[in-house]
Amino acid sequence: MLERIRNSKYLQHSIFSFGGQIAFLLSNFLLFVLLINKISQDLYGIWALYMTIVSIADAIRQGMVNNGLARLLIKSPQNKSLVNTGFCLNYGLIVLISTSAFIASLLWPNPSALIEILPHLWKTLLMLGTMQFISTLCQASFRFKDYLIVNLIYLGCLVLSIVFLNQTSETISLTEVIKAQLVSLVLPVAYFLYKSDLSLKIPKKSEFKRLLDFGKYSAGTNMLSILFHKADILMIAFFLDPVSVALFHFATKITNYAELPLHALSQVIYPRLSASYHTNNSNDLNKEYGLAIIRLLVCVIPITITVIMFNSQIINLLSSGEYMDSSQLIIVLSLGIVFKPWGRVFGLTLDAIGKPKINFNMLTISLMINISVNLLLIPIYGVIGAAIATTLSIIITTIIGQFRIKHYASIKPIKDVWQALRGQGSNLKSISWN
């Protein structure tokens, strides 16, 4: 009976989390469709490089704040001053990173379209930082319904902004898109503040230290993870041209949407892994590890097969065939998605058991593999070489990770997944029998 209640709550949390992720990613998807149909491929390549810089900067902020804050709040849910400490650290980092970007844009010797929009980085970081901070607070307190509503409100506001932009001008600038994202933030924040019981507490020095001690490795891990996924874009920009960057970024955007379950369910999986580690039963973590991988695979595999089979139709639907050269890239990149559930649960488990340093070291190895394979293949095969390099790096890294996890927790990946699969099969038989 208790197990059924737990499964029911897990399903409910998963649905709300999945819905929230769909809403937020749908907002990004609408911007994606707007941009590829309203701006040139060259300018879209510039946007891809800008978003790469945003991703790296935000990975540092997110790592310093989100994972550590969620972990500490799960252990001490009534600690109100911890929320305020995380708030100060979150927005302090946004100010620091944005100021650095602004100074860099002033000192950069060669003017370009990318440098012109870099001073607007603070707007994008403010939007992302605020939405993700709200996500962390909801995740830590298991308020996944509020998380869903916040993202739906943001989606609605952004839709109105996009409609306004689309109706008022035939062409749009990248700065107008950035402003639309920021304006859409107002109502979601107002709703969250209305629904939350937040109080002003003086941040504690000890809590800053705890967040920073955990966050320095988590931030490094996040940054390396982003560099792992963005190294190909940066190296394509170095070896090739903005059009190649645009084609590759288009392909990665499509495959990123196929990875939606990874992002959505990770928000439910992480607190469950963390909670299972702190129980007295040593088998709980093994069970959660196996179940997490199975649940991600069940969601990811059908989507991946669909993307591979209908990639040409997807390209035609979104861009009127202008990005058809991305077809092969989408197929190659999609093959790597099947291995990502194993790598994602590996990383979440290391964070959940308090070993972010190991995760950091692992991603350092992954990044070196990715850069090395890209350096080898891009000059020979061009943009398709980058796709092959990325997929090979994911597969190699995932295999290494499953061997290494045994040294830091009592986890045997293949056995745990098999046991979880058998357990799920038994449950299905029981349901069908009854």
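The values are calculated or read from the model by the stated rules, or taken from the named source; none is laboratory data. Since we're looking at a predicted model, the values are computed, not measured. Every residue, glycine among them, receives a Cβ derived from its backbone with ideal geometry; neighbour counts consider all protein chains shown. These area figures cover heavy atoms from the full protein model, side chains too; ligands, DNA and RNA do not enter into them. Shrake-Rupley method; radii C 1.70, N 1.55, O 1.52, S 1.80 Å.
Sorted by packing (mean other beta-carbon atoms within 10 Å per residue), highest first, where do 375-384, 215-224 land?
215-224, 375-384
For residue 364 and residue 187 in the same chain, what is the full-extension length gain: residue separation times 0.36 nm, less their Cα-Cα distance, in nm?
Gain on stretching residue 364 to residue 187: 59.8 nm.
Once neighbouring chains are kept in place and the probe is 1.4 Å, which whole percent of the accessible area of segment 242-426 is contributed by carbon and sulfur?
66
Note down the relative contact order for the chain as a percent, whole number, built from C-alpha pairs under 8 angstrom at least six residues apart.
22
Whole number in Å², please: accessible area per residue of the chain, 1.4 Å probe, ligands, DNA and RNA not counted.
Per residue, the chain has an accessible area of 46 Å².
Under a Cβ-Cβ cut-off of 14 Å, what is the net charge of the residues other than residue 371 that fall near it, where Lys and Arg count +1 and Asp and Glu count -1?
With Lys, Arg at +1 and Asp, Glu at -1, the neighbours total 0.
What whole number of Å gives the distance from the Cα centroid of segment 13-52 to the Cα centroid of segment 243-274?
11
Report the local net charge at residue 382: Lys and Arg +1, Asp and Glu -1, summed over other residues whose C-beta lies under 15 Å from its C-beta.
Summing Lys/Arg as +1 and Asp/Glu as -1 gives -3.
Treat each spin label as a single point 7 Å out from the Cα along the C-beta direction, and report the residue 159 to residue 305 distance in nm.
3.1
Provide Rg and Dmax in Å for the chain, with only Cα atoms included in the calculation.
Rg and Dmax of the chain, Cα atoms, are 21.6, 73 Å.
Over 21 Å, how big is the tail of the calculated P(r) for segment 242-426, in percent of all Cα pairs?
54
Given contacts defined as C-alpha pairs under 8 Å and at least six residues apart, what's the relative contact order of segment 242-426, whole-number percent?
30
Sort out for me the Cα centre separation of segment 156-227 from segment 357-402, rounded to whole Å.
30
Sort 119-127, 90-98, 146-154 for me by packing, meaning the mean count of neighbouring Cβ atoms within 10 Å per residue, highest on top.
Descending packing order for the listed peptides: 146-154, 119-127, 90-98.
Applying a 10 Å radius around every beta-carbon, put 36-43, 406-413 in order of their mean neighbour count, most first.
36-43, 406-413
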